[in-house]
Amino acid sequence: GSAARPPEQLSWSEALGVHLDGVPLQKTWLFRRNRDRSDSVVGAALPREYTVSYIEAGNEDDPPLLLIHGFGASSFHWRSNVNALAQAGNRVFAIDLLGFGASDKPLLDYDSDLWVTQCASFLREVAACGLVKDGDGRTSVRRAVVAGNSIGGLTALALAASEPSLVRGIASLNGAGRFSPTPAERVQSQRRKGARGAPSPLTGFSTAWSGTVDTVGAALRKILLSGAFVLTKQPARIAQVLRQVYPVKPERADEDLIASIEWPARHPNAAEVFSRIVSRTSAKPLDDNQCIDVLLGKLDVPIALVWGEQDPWIRPQVADKMQAMCRQLGHPCERVSIKAGHCPQDEAPEEVNAAIADFCSRLPP
């Protein structure tokens, strides 16, 4: 008889390793990275190999589609997308970025360059993207569509800008990132920095805390961040935050999703990794090469903005500005508005699956 149709939505127990039709849902891949001199811990030698977890679905011969989650989430956040997009004719890979999900949580300096390198290596080694030789020795290029939510959207954009031989199109689902400051904004930023000293690692978390943290040393900063992490990983707090970013269907922030976010937080390195990511992304001066407008200027593939229009964190005006920039550049860009918040792929999966599947089907190989 015909094979059973895969479930529309994955369950967390399956994602943790319970077998689905005799096949482990989550797979692992060894990411070998050249160590940067900034990756150092006094008295400790850091490994150069990290175990990365991912979910895979679809036929091996179908074109690859890489899904990248957002901050604090994991591949499980694509629970209602993986099988649907595979059924639509894609070889789907949903990856856990380093520091998140079931992937390793090494004590590194975390930034978008790390995750771009990880995803580029994954596409080459697991999805077999890049230059490919057939049995007759003919060479062709195999490229993936990359879709990302939040920081995953920024990672997808940076990946496509830096590795055009690996990517044939990107879908940004409420992608994070900042635009290059205007000359006036740069002057204003320098004045603020001079007035208050070093920037706070808690910028964007709490204005009240920021003023306090600016006056204390690195050790106390870590203690305060650890306190924030303890609060953040509590199931009740996770549910509270998720309801804020699921404004249309708050019931989608269910126990399964909460468990998928709480479980990785039990890792012994989780608090330190949280501290490093928050500190680096909010306190480190932004590299102009990582600004959205600069990355769009380097982009050589079509982009789809699949946008949750009721996102309280990354407003629709960000997508408006990206669209306007693409028009100025003469770059192919399309917009699909979704009635959802910050995580449209999980709050409105049917609409997002249709948008991504349609986008993939119209791209050249």
Cα convex hull of the stretch 235-365: mean projected area in nm², to one decimal? 10.0
In terms of solvent-accessible area of protein heavy atoms at a 1.4 angstrom probe, what is the ranking of HIS69, HIS267, highest value first? HIS267, HIS69
Square roots of five times the Cα gyration tensor eigenvalues for the stretch 88-197, Å: 34, 17, 13
Dipole magnitude of the stretch 284-324, debye to nearest 20 (Cβ charges: Lys/Arg +1, Asp/Glu -1, about Cα centre): 60
In the neighborhood of VAL336, defined by Cβ-to-Cβ distances under 9 Å, what is the net charge if each Lys or Arg adds +1 and each Asp or Glu adds -1? -2
Cross-link pairs LYS27/LYS133; LYS27/LYS249; LYS105/LYS249; LYS27/LYS233 - those with Cα-Cα distance over 28 Å: LYS27/LYS249; LYS105/LYS249
Charge dipole (the stretch 94-150, unit charges on Cβ, about Cα centre) - positive-most of ALA120, SER103, VAL141: VAL141
Restricting to aspartates and glutamates and to Cα separations under 12 Å from LYS298, and discarding same-chain partners fewer than 8 apart, the set is GLU163
What ³J(HN,Hα) values, in whole Hz, does the Karplus curve 6.51 cos²θ - 1.76 cosθ + 1.60 give for the stretch 337-348 when θ = phi - 60°, with x put for Gly and Pro? 8, 10, 7, 6, x, 6, 10, x, 4, 9, 7, 9
Looking at the stretch 39-150 from every direction and averaging, what is the projected area of its Cα convex hull in nm²? 8.2
Note down the magnitude of the dipole of the stretch 315-365 about its Cα centre, charges +1 on Lys and Arg C-beta and -1 on Asp and Glu C-beta and zero elsewhere, to the nearest 20 debye. 320
By what distance, in whole Å, do the Cα atoms of the stretch 306-364 stretch along each of the three principal axes, largest value first? 32, 28, 11
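The values are calculated or read from the model by the stated rules, or taken from the named source; none is laboratory data. If you're wondering where the values come from, they're calculated on a predicted model, not measured in any experiment. Methodologically, a virtual Cβ is constructed for each residue, glycine included, from the backbone with ideal geometry; neighbour enumeration extends over all protein chains shown. The area values use the complete protein model at the heavy-atom level, side chains included, leaving out ligands, DNA and RNA. Shrake-Rupley method; radii C 1.70, N 1.55, O 1.52, S 1.80 Å.
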